[in-house]
Amino acid sequence: MANIKKLFEPTDMTVGTPWKSIAVFSIPMLIGNIAQQLYNTVDSIVVGHYVGDNALAAVGSASPLLNMLLVLFVGISSGVGIMVAQYFGAKAREELSNTIGTCITVTAITSLMLMLAAPPIIRPILQMLNTPDTIIGACTSYLVIMMYGIAGMAYYNILSGILRGMGDSFSALIYLLVATVINIGLDLLFVAKFHMGVAGVALATAIAQGISSVLCMWKLMHMRETFDLGIKELRMTKHHVVQIVELGLPSGLTQAIFSSAMIVMQSLTNSFGEMFIAANVIVMRVDGFAMMPNFSFGTAMTTYSGQNVGAKKMDRVMLGAKQGTLMSVGCSAVITSIILLFGKHLMGVFTTTTELVDLSMRMMRILAVGYIAMGVTQSLSGTMRGAGDTVTPMWISLCTTILIRVPIAYGISFLTRTAELPYGRWECIPISLLLSWVMGAVLTTIFYRRGKWKSKALS
């Protein structure tokens, strides 16, 4: 019983064998990422089977814009996660308490702002992106409902990030699993039984994430032995808001850059028609599973690095970075091999359209090697972010996205245009993504080895 209870407690990653600490932390993260991916996957499966391929395309077309609207929370989550890890590692209780309280208040304010501002502009933006008339109505409904439920999504991601910053990845996992089960049940209820279509999928996700955020808040309210959380701590302090902005802004900008590029790429994707849009949605869903080890180890390395930098154990940070990267690359190689071997069966879960399955599989074969490259990028970027250097990963993302991915995609599209293919070949989309991933791994390795990130710790 004591061992089970220990799973739900903060974990000090400044002691013990580095790779074991990273692995123990990463396993719940990996399971949690699988559960989180199930949100999107179940949505797509239910919509694809009970509504149709156009509805599947609508959910996929909504994703880039949704991600763009969430950049504020990506920044807050990243900045607070780094601060929590470093203050927890340094055993600075007052700073830790004020950081968490300020974060909760900032999230409430930004959620309200987005809830009021975003819904009226969604349809005009979708029209600007050349979203096909056959799916624009469903896209709009999906995004408007998600915006009205934005507080639940924001608080879950940010509060679970706080828990992980203190080394507690297990509690966040349990709450996510609960929400996933609720999401699946509501998907089937709203879409299969009540025939609410894409709107039902959005409503199910918003309710499930709202419940998970309440569970995370309940957990934090019962961690008084680690930090304080009262009216005093909930008051925003200039010092902590500035730190959140300084650390989180680059990560938020990184997400904004990526989301902006995705929106630009979505316009190109839309030009290839509903069949390609639907295939791209399927690939993105499978892509989510292929990326899970990378994101899990990347987050683990941010927490591990942050705690050890806070404890001033830089040699331990370097050793952990090497071991974490090797584990990430190994896991990515295994999962990528499985996808290549059994990919058609995975694609067939989403649709019974043979042409759609074949097209999706051709895209996935082009992307395969890139997942291994992303294992390097995520682990080393996570190490640098944990140390407080969120600017370098931002510039790398800017370079690979704006200077490599978008120009290559549109360049290939332009050069391959023919009378039969007025927009060029669809391969421009996955090829440009693959090249940006590989170059990202190269640049991240170079800047990690230069070592300037070591001097960015919070004072």
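The values are calculated or read from the model by the stated rules, or taken from the named source; none is laboratory data. These numbers were taken from a predicted model, which means no experiment stands behind them. As a convention, Cβ positions derive from the backbone with ideal geometry for all residues, glycine included, and neighbour counts pool all protein chains shown. Ligands, DNA and RNA are excluded from the accessible area calculation, which covers all protein heavy atoms including side chains. Shrake-Rupley method; radii C 1.70, N 1.55, O 1.52, S 1.80 Å.
Structure notes:
- In this entry, M265 passes the filter for residues that are touching a residue at least 12 places away in the same chain (Cβ under 8 Å), over 30 Å from M327 (Cα atoms), crowded, with 18+ Cβ neighbours inside 10 Å and not β-branched (V, I, T).
- Going through (1) open to solvent by less than 10 Å² (accessible area, probe 1.4 Å); (2) over 23 Å from I372 (Cβ atoms) one by one, M275 falls short only on (1).
- Residues located in the range 412-435, provided they are touching a Cys at 6+ places or on another chain (Cβ under 9 Å) and under 17 Å from I263 (Cα atoms): S413
- From the list M318, M291, the lone residue that is more than 19 Å from the chain's Cα centre (by Cα) and either surrounded by fewer than 18 Cβ atoms within 10 Å (Cβ to Cβ) or in contact (Cβ under 8 Å) with a residue 24 or more places away in the chain (or both) is M318.
- The criterion of being closer than 22 Å to P10 by Cβ, modelled with pLDDT of 85 or more, polar (S, T, N, Q) and open to solvent by less than 40 Å² (accessible area, probe 1.4 Å) does not hold for T325.
- Qualifying residue in the range 395-403 (condition: farther than 24 Å from A300 by Cβ, more than 25 Å from the chain's Cα centre (by Cα) and either open to solvent by less than 30 Å² (accessible area, probe 1.4 Å) or of a type outside the set (V, I, T) (or both)): no
- The conditions of being in contact with a helix residue (DSSP H, G or I) (Cβ under 9 Å, 6 or more places away or on another chain), surrounded by fewer than 19 Cβ atoms within 10 Å (Cβ to Cβ), of a type in the set (A, V, I, L, M, F, W, C) and modelled with pLDDT of 90 or more are not met by I145.
- Scanning the range 294-315 for residues that are buried (at least 24 other Cβ atoms within 10 Å of the Cβ) and without any contact (Cβ under 8 Å) to a residue 24 or more places away in the chain turns up nothing.
- Evaluation of F350 against the conditions (1) within 18 Å of F276 (Cβ to Cβ); (2) of a type in the set (A, V, I, L, M, F, W, C); (3) part of a helix (DSSP H, G or I) shows that the sole unmet condition is (3).
- Listed by first and then second residue, the pairs linking a residue in the range 378-405 that is touching a residue at least 60 places away in the same chain (Cβ under 8 Å) and farther than 22 Å from L326 by Cβ to a residue that is of a type outside the set (D, E, K, R) and in a loop (DSSP other than H, G, I, E, B), with Cβ atoms under 7 Å apart and 6 or more places separating them unless they lie on different chains, are G388/A457; G388/L458.
- Check on M83, open to solvent by less than 10 Å² (accessible area, probe 1.4 Å), part of a loop (DSSP other than H, G, I, E, B) and modelled with pLDDT of 80 or more: no
- Those residues of the range 404-437 which are touching a Lys or Arg at 6+ places or on another chain (Cβ under 8 Å) and either modelled with pLDDT under 90 or buried (at least 16 other Cβ atoms within 10 Å of the Cβ) (or both), in sequence order: I412, S413, Y423, G424, S432, L433, L435, S436
- First in the range 321-344 and assigned to a helix (DSSP H, G or I), second anywhere and among the hydroxyl-bearing types (S, T, Y), Cβ under 6 Å, 6 or more apart: A321/T383; G324/S379; T325/S379; S328/S379; S332/Y371; T336/Y371
- Selection count, the range 192-241, where residues are open to solvent by 100 Å² or more (accessible area, probe 1.4 Å) and either charged (D, E, K, R) or out of contact with any helix residue (DSSP H, G or I) (no Cβ under 7 Å at 6 or more places or on another chain) (or both): 10
- For F170: the one exception among (1) in contact with a Ser or Thr (Cβ under 6 Å, 6 or more places away or on another chain); (2) of a type in the set (F, W, Y); (3) open to solvent by 30 Å² or more (accessible area, probe 1.4 Å): (1)
- Selection from the range 11-37 of residues that are among the small types (G, A, S) and surrounded by fewer than 22 Cβ atoms within 10 Å (Cβ to Cβ): G16, A23, A35
- Of the helices (runs of 4 or more DSSP H) lying entirely inside the range 123-235, the ones with 3 or more residues being under 30 Å from L268 (Cβ atoms) are found at 133-148, 150-165, 197-221.
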